[in-house]
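Below is one structure; the comments refer to it alone.
The values are calculated or read from the model by the stated rules, or taken from the named source; none is laboratory data. Bear in mind the structure is a predicted one, so any value in this text is a computation, not a measurement. Cβ placement follows ideal geometry from the backbone for every residue including glycine, while neighbour counts extend to all protein chains displayed.
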Amino acid sequence: MAGSVLQVVLDAANYTLILMLVALGLAIVFGLMNVINMAHGEFMMIGAYVVLLCHQAGLPVGVGMLMAPLAVAVLGLVVEELLVRRVYTRLLDTILATWGLSLILKQAMVLLFGPGSYSVPNPLPATVELLGSPYPLYRLFVMAVTLVTLAATFWLFFRTSWGLSARSVIANRSMAACLGIDTRRLDRLTFSFGAGLAGLAGAVMAPLVSLDPQMGLGFLVPAFLSILVGGLGSVAAPLAGATAVGVTDNLVSTFFSPVWAQGVVFTVAILLIRAFPQGLMARARRRV
């Protein structure tokens, strides 16, 4: 019994941590640049396809996981330079521009790989005994990678001069520019970093899900809900929102069905937004 409960808890933690990665990258880009990136799910999808491409080329899956966030980060640099920087001051235009980009990226994957689904072999097929029940070793690896990445992201934002500059721009862009912070360079690096987080999420999820051009949408919507529930203006807020959304989604899917999960998640999100219009972290921020 205890083993079964632990397995459910670990499955919920696995999904929630991946959702945190996706939501954190999305929130950083929006908080710093005021850009709603509708192609963020496709960045995750491309990260998974990079792993697939490396596997098809005969390279170990681990190599693909290392290359995926780097490749997607480089793609983020290109997208920021060619598209996003031209619509910074027009919020609605960022939605249209990145939505168009998401369609282009999906169709590019269809042209390159076809509309069908692919799978990537599990690099760690072993299981470990936890309270008498076997649990996949790879899922524990995914959680470890995600926790290390989240910790590194927080260290970057709260323990480095770059992070101080980024938080200054999030708080007041005009004042930060007057103080000599190169906001243009910061925007470029931030968009690339957010894209890299999505690419990493797609890479580690590649052995666990079916790869197809529509896979990014399944994480984009919960990521947006996580940001709405958690609130804006704080790097930690999307993590609180992702916890509420991810745990609810996974538990309802486990005990009922994925169809019920979608309805319950939206209902819970609406109730939380109604109770906390500024997000779950707003009250904590006011106390500080």
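Could you identify the single residue in 190, 243, 248 that is modelled with pLDDT of 85 or more and within 19 Å of residue 33 (Cα to Cα)?
190
Which of the residues that make up the stretch 44-65 are without any contact (Cβ under 8 Å) to a residue 12 or more places away in the chain and either part of a helix (DSSP H, G or I) or not hydrophobic (A, V, I, L, M, F, W, C) (or both)?
Hits for the stretch 44-65 are 53, 56, 58, 63.
Pick from 224, 266: which is in a helix (DSSP H, G or I), surrounded by fewer than 19 Cβ atoms within 10 Å (Cβ to Cβ) and touching a residue at least 12 places away in the same chain (Cβ under 8 Å)?
Checking each option against the conditions leaves just 266.
Do we have any residue at all in the stretch 19-33 that's part of a helix (DSSP H, G or I) and more than 20 Å from the chain's Cα centre (by Cα)?
no
Looking at this structure, is residue 88 more than 17 Å from residue 226 (Cα to Cα), at pLDDT 90 or above and hydroxyl-bearing (Ser, Thr, Tyr)?
Answer is no for this residue.
Pick from the stretch 103-132 the residues that are hydroxyl-bearing (Ser, Thr, Tyr) and in contact (Cβ under 8 Å) with a residue 12 or more places away in the chain: which of them is farthest from residue 208 (Cα to Cα)?
Here the residue is 117.
Applying the selection to the stretch 167-182, what residues are surrounded by 14 or more Cβ atoms within 10 Å (Cβ to Cβ) and either in a helix (DSSP H, G or I) or touching a Phe, Trp or Tyr at 6+ places or on another chain (Cβ under 7 Å) (or both)?
Answer for the stretch 167-182, where residues must be surrounded by 14 or more Cβ atoms within 10 Å (Cβ to Cβ) and either in a helix (DSSP H, G or I) or touching a Phe, Trp or Tyr at 6+ places or on another chain (Cβ under 7 Å) (or both): 167, 168, 169, 170, 173, 176, 177.
Please find, among 147, 164, 189, 156, the residue that is part of a helix (DSSP H, G or I) and either in contact (Cβ under 8 Å) with a residue 40 or more places away in the chain or touching a Ser or Thr at 6+ places or on another chain (Cβ under 9 Å) (or both).
When all the criteria are applied, what remains is 147.
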